[in-house]
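Trainee: Below are the C-alpha cells for one structure; questions will follow.
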Amino acid sequence: MKTIKEIREAVGSLVAKNDEIANHVSAGTATEEMRSEFDSNCKQIETFNKDISILESQQRSKPSMPVSTEVVDSEGKEIAKHVSMRDFHDAAISGRAEGFVKEMCQLGKEEQRNANVPSSGREIIIPMKALDAITNKVQKRATMQLGTGSLGGNAVQTTIMTFIDALWPKLYFSKFGVTPMTGLYGNVAFPRNTSITASWKTEVASVTGTNPTIDQVTLSPSRLPNLIEASKNLLNNSQVSEQYLLNLIMKSIVEQLEYASIQGSGTAPVPHGIINTSGIGSVAIGTNGGAPTYQSLLDLISSLGANNANYSAENAGFLSTPQMMTKLMATQTFPSSSNGQPVTQIVGNADNPITAGYKSAFTSNAPSTLTKGSNSDCHAIIFGDFSELIIGQWGGLEMYVDPITKMEQGITRVYVESFWDIAVKHAASFAAILDARNV
C-alpha cells in the first residue's frame with residue numbers, strides 16, 4: 001500500500017519527465033513517442049492526484065479520538081511514555097538533548113532535511129510524531145482532572161487533537177473543507193491544464209485541433225516564526241505547561257495563516273491570499289463603495305458559474321468581517337416584500353451563520369479598511385469553493401528557549417519556527433466584493 005509521500009514522489013518524477021518533453025517541444029526535437037508519453041504521464045498524474053485527495057480526505061474524516069481513549073498508535077504511545085513538551089523545553093534551555101529527547105530531535109532534523117528546510121544543526125526540533133503524541137497525552141491527562149477545578153479543571157481545554165488538526169477547528173478552514181497538506185518536502189508543483197473546446201462541423205469540413213495549455217500551481221516553504229513569552233512558574237507546572245505551550249504555539253501560527261490565506265500580499269516571503277490572487281471574480285458595489293445587497297451577493301455566486309467553476313454546497317461559502325455579519329443580518333433579501341428575510345441568518349447556534357443559502361464565516365482577519373474612491377472603510381466579502389485553497393506545511397517545529405533575557409521578571413522566552421505556503425488551485429473558484437461598507 002503506497003503512502004501519500006510515495007505517491008507525491010511518483011507525481012514529482014512524472015512532472016520532471018514532462019518538463020524534459022516540454023523542453024524537446026520548445027527545441028523542435030519532440031517525437032510522437034514523447035508526445036504519447038506526455039499524454040500518458042498527464043493521465044497518471046491525474047490518477048495519482050485523485051489518490052492523494054482520497055487518502056487525505058480519509059485521514060481528515062477519521063473521527064477524533066474520545067478523550068478517555070488510549071492512544072491507539074503503538075509508536076505514539078511509546079513516544080508519549082518517554083517524552084513531554086517540558087523535556088524539549090528543558091533541552092532547549094540547556095542546549096543539550098539526551099536520551100529519547102535526542103532521538104526525537106534527530107527525527108525532527110530528518111523531517112527538515114526531507115523538507116529541504118534550512119537548519120543550523122543546533123536547535124531543538126520537535127517532529128510531528130512527537131507533537132501528535134504529546135497532544136494526545138495532554139488530552140488524556142486533562143480528561144482525568146476535568147471534573148475538579150481545584151485539581152486543574154479550571155485551566156484545561158478538552159478539545160486537543162494533533163498539531164495540524166487542532167488548527168482547523170479554530171478557523172473557517174474546517175467549515176469550508178480547505179485542503180491541508182502536511183509532511184511536504186522540497187518545492188511542490190501541481191500540473192494544471194486549461195480546457196479545450198469542440199466545435200460542430202459539416203460532414204467533410206476539416207477540424208483544427210486545440211491543445212490544452214499546461215502550467216503549474218506551486219508551493220514552496222516560507223518561514224513563519226514567532227516569539228512566545230510565558231512565566232517560568234507556569235512552565236514548571238507540569239499539570240498545564242504542555243497544553244499551555246501547545247495552545248500558544250498553535251494560536252500564534254494559525255492566526256497568521258488565516259490572515260495570509262485571505263489577504264496575503266504575495267510579496268515574498270508572504271504567500272498570495274485569495275483577494276490578491278490574479279484572476280478571481282470581482283463584483284463592485286459603487287464608485288465609492290456602498291452597502292452590500294442580496295443582489296450583490298447573488299452576483300458573486302453568478303461570477304463563479306460564469307467562469308465554469310465547479311463548486312458544491314459542502315465546500316462553498318461566504319467569508320467576510322464580523323461587521324459585515326451584523327450588516328447582512330440587518331439586510332433583507334427582498335426589502336419591499338412582506339416575505340423578505342435577513343440575508344444572513346443564524347441557524348442552530350452562532351457558529352453556523354447562513355448567508356444567501358450558503359454557509360458563511362466571519363473573521364477579523366478579513367480586510368475592513370480597503371479604499372474605494374473617497375472611502376477607506378470598505379470590507380471584503382468573498383465567495384468561493386474553499387476546497388480549492390491549499391495550505392502546505394513542511395517539517396515539524398523548531399524551538400529555542402531563552403530563560404535569561406527576562407529572568408528578572410520570571411519570564412521564559414520561547415521562540416518557534418515553522419514553514420508554510422498557501423495557493424489557490426483555480427482563481428475562477430473565488431470571487432470577491434472589495435468595496436462593501438457598513439453604512
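Trainee: Out of MET325, MET329, report the one residue that is within 23 Å of ALA436 (Cα to Cα), hydrophobic (A, V, I, L, M, F, W, C), over 27 Å from the mean Cα position of the chain (by Cα) and modelled with pLDDT of 90 or more. Walk me through it before giving the result.
Mentor: Values: MET325 fails: over 27 Å from the mean Cα position of the chain (by Cα).
Answer to the check: MET329.
Trainee: Quick check: anything in the range 295-306 modelled with pLDDT under 95, part of a loop (DSSP other than H, G, I, E, B) and either within 21 Å of ASN365 (Cβ to Cβ) or in contact with a Ser or Thr (Cβ under 9 Å, 6 or more places away or on another chain) (or both)?
Mentor: No, because not a single residue in the range 295-306 is modelled with pLDDT under 95, part of a loop (DSSP other than H, G, I, E, B) and either within 21 Å of ASN365 (Cβ to Cβ) or in contact with a Ser or Thr (Cβ under 9 Å, 6 or more places away or on another chain) (or both).
Trainee: Regarding SER195, is this residue polar (S, T, N, Q), surrounded by 13 or more Cβ atoms within 10 Å (Cβ to Cβ) and at pLDDT below 75? Break it down into steps so the answer makes sense when it comes.
Mentor: Values: polar (S, T, N, Q): yes; surrounded by 13 or more Cβ atoms within 10 Å (Cβ to Cβ): no; at pLDDT below 75: yes.
In short, no.
Trainee: Mind checking which residues of the range 77-94 are among the β-branched types (Val, Ile, Thr) and crowded, with 21+ Cβ neighbours inside 10 Å?
Mentor: Going residue by residue through the range 77-94, those that are among the β-branched types (Val, Ile, Thr) are 79, 83, 93.
ILE79, VAL83, listed by residue number.
Trainee: Further, regarding this structure: Please go through the range 95-108 and give me each residue that is at pLDDT below 80, in contact with a strand residue (DSSP E or B) (Cβ under 9 Å, 6 or more places away or on another chain) and open to solvent by 50 Å² or more (accessible area, probe 1.4 Å), ordered by number.
Mentor: Selection gives GLY95 alone.
Quick grid of which residues meet (1) crowded, with 16+ Cβ neighbours inside 10 Å; (2) outside any loop (DSSP other than H, G, I, E, B); (3) more than 12 Å from the chain's Cα centre (by Cα):
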{"site": "MET250", "(1), (2), (3)": "yes, yes, yes"}
{"site": "ILE253", "(1), (2), (3)": "yes, yes, no"}
{"site": "LEU257", "(1), (2), (3)": "yes, yes, no"}
{"site": "ALA260", "(1), (2), (3)": "yes, yes, no"}
{"site": "ALA268", "(1), (2), (3)": "no, no, yes"}
{"site": "ILE275", "(1), (2), (3)": "yes, yes, yes"}
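Trainee: Would you confirm whether or not the range 12-27 contains a residue that is among the small types (Gly, Ala, Ser), outside any helix (DSSP H, G or I) and either more than 19 Å from VAL217 (Cα to Cα) or in contact with a Phe, Trp or Tyr (Cβ under 7 Å, 6 or more places away or on another chain) (or both)? So that I can check it myself, show each step before the final result.
Mentor: So the first thing to find is which residues in the range 12-27 are among the small types (Gly, Ala, Ser), and the list is 12-13, 16, 22, 26-27.
Narrowing the set further to residues that are outside any helix (DSSP H, G or I) leaves none.
Looking through the range 12-27, none of the residues is among the small types (Gly, Ala, Ser), outside any helix (DSSP H, G or I) and either more than 19 Å from VAL217 (Cα to Cα) or in contact with a Phe, Trp or Tyr (Cβ under 7 Å, 6 or more places away or on another chain) (or both).
Trainee: With assigned to a strand (DSSP E or B), within 16 Å of the chain's Cα centre (by Cα) and at pLDDT 90 or above as the only criterion, which of TRP420, TRP394 stands out? Break it down into steps so the answer makes sense when it comes.
Mentor: Numbers: TRP394 fails: at pLDDT 90 or above.
On inspection, the qualifying residue turns out to be TRP420.
Trainee: Mind checking whether some residue in the range 239-246 is modelled with pLDDT under 80, polar (S, T, N, Q), in contact with a Gly (Cβ under 9 Å, 6 or more places away or on another chain) and surrounded by 14 or more Cβ atoms within 10 Å (Cβ to Cβ)? Steps first, answer last, please.
Mentor: Narrowing the range 239-246 to residues modelled with pLDDT under 80: 239-246.
Then drop every residue that is not polar (S, T, N, Q), which leaves 239, 241, 243.
In the following step, the residues that additionally are in contact with a Gly (Cβ under 9 Å, 6 or more places away or on another chain) were identified as 239.
Subset that is surrounded by 14 or more Cβ atoms within 10 Å (Cβ to Cβ): 239.
So far as the range 239-246 goes, yes, one or more of its residues are modelled with pLDDT under 80, polar (S, T, N, Q), in contact with a Gly (Cβ under 9 Å, 6 or more places away or on another chain) and surrounded by 14 or more Cβ atoms within 10 Å (Cβ to Cβ).
The values are calculated or read from the model by the stated rules, or taken from the named source; none is laboratory data. Model, not experiment: these values are computed from the prediction. Backbone-built Cβ (ideal geometry, glycine too); neighbour counts: all protein chains shown. Ligands, DNA and RNA are excluded from the accessible area calculation, which covers all protein heavy atoms including side chains. Shrake-Rupley method; radii C 1.70, N 1.55, O 1.52, S 1.80 Å.
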